[in-house]
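Laboratory data are not the source of any read-out in this text; all were calculated from the coordinates shown. Computed from a predicted structure; not experimentally measured. All Cβ positions, even for glycine, are placed from backbone atoms using ideal geometry, and neighbour counts span all protein chains on display.
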Amino acid sequence: MSENKRYLGELLAEFFAVAIIILFGDGVAAMYSLYDPSPYKTAYWGVCIVWGLAVTVAIYATGAVSGTHANPAVTLSLALFRGFSWKKVVPYMGAQVLGGLAGAALVYSLYVPVIDHYNAAHGLTRALDGGSAGVFFTHPGDFISVAHAFWDEAVLTGILVFGIFAVTCQYNTQAPQANSGALIIGLLVAIIGASAGYLEAWAINPARDFGPRLFCFFAGWGQAAIPAPSNYWWVPIAAPMVGGPIGAAIYQYGLRPFMPRVSVVTTSSVSEALNMSEPVLVVSNPSMPASTGPVIDKVS
């Protein structure tokens, strides 16, 4: 396969990964928000599980192609600390945002009659009241200011990326490794939502929020989407981009140096064994020759 064809495949994989996450995630948000009685109002954990399993499915579907970053904060963190190619950072982020937009458009096509009925029944409009906007993008919860929301999203994204770095580190002998890592990362997303989701709907991913928000801007929500009340639109973009690398750095410098194998591997052997440009979740047997495939956590 040519380098250009492989690169195109990586961008398509990132696009589809985020589209899958939004299809199921915004879908369950619609189930939660638009129906009375809601099947999830008294079972919020179900919403969190769906978001988490959406991430798991996205990883299983696309991880062998791109590593399934599916999040600009993850892509930036991998470039900063695990050798991901800087020339791919912006294209990956663009593909992720477009995937979020496409996923939101698909959810809209499924739920538009329900959205219109809900807004009419509650005397809401899209542009003036942001009716049903919570299906697609996030906003501060009760008692949460915009400034505090920035702090929340930075912390929660830091936790997410810290966990991803831990789960995918080749030296972490307690990590699930290989294919089961996707399930643990999905569970991590779910528990973040279960423990802090009501603060501002736990965006923790700029593409997850901005892609659907951009779609809604053109689909009738207008200023309710961008710039949003209190000019909130930038917070779910900027805060994760700050918090993600901080969480990665805490793992990379706080725990990874003390992992069992790190102290016995020389710098030269690491540079020979690891392909620093490989995606984070592509795995194979590290004892096999290089021609048979990459080693686990080559970007570790």
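A few notes on this one:
- Per the Debye formula on identical point scatterers at the alpha carbon atoms of the chain, with no solvent, log10 I(q)/I(0) at q = 0.09, 0.10, 0.11, 0.15 Å⁻¹ is -0.44, -0.53, -0.64, -1.12.
- Anisotropy class of the range 165-268 from Cα gyration tensor, a/c 1.5 cut: prolate
- Label zone at S230 (point 7 Å along Cα-to-Cβ), backbone N below 16 Å, the range 131-165: 134, 138-154
- Label point at S38 placed 7 Å out along Cα→Cβ; residues across the range 182-213 whose backbone nitrogen lies under 14 Å: 194, 197-202
- Packing-based ranking of 86-92, 3-9, 252-258 yields 86-92, 252-258, 3-9, ordered from highest to lowest mean Cβ neighbour count within 10 Å.
- The range 104-126-the range 34-95 distance, computed between alpha-carbon centres (Å): 25 Å
- For the range 99-229, the alpha carbon convex hull comes to 123 Å³ per residue, rounded to a whole number.
- Estimated inter-spin distance, N179 and L106, nm [label 7 Å along Cα→Cβ]: 2.2 nm
- Burial order of peptide ranges 104-110, 31-37 (average beta-carbon count within 10 Å, highest first): 104-110, 31-37
- Theoretical FRET efficiency, 1/(1+(r/R0)^6), r = Cβ-Cβ of T125 and W45, R0 35 Å, to 0.05: 0.60
- Distance in nm between pseudo-label sites at Y60 and V90 (7 Å out along the Cβ direction from Cα): 3.6 nm
- Per residue Cα convex hull volume in Å³ - calculated over the range 1-146: 148 Å³
- Between the listed residues A196, S180, I164, the Cα displaced farthest toward the positive end of the dipole of the range 149-264, a dipole computed from Cβ unit charges relative to the Cα centre, is found at S180.
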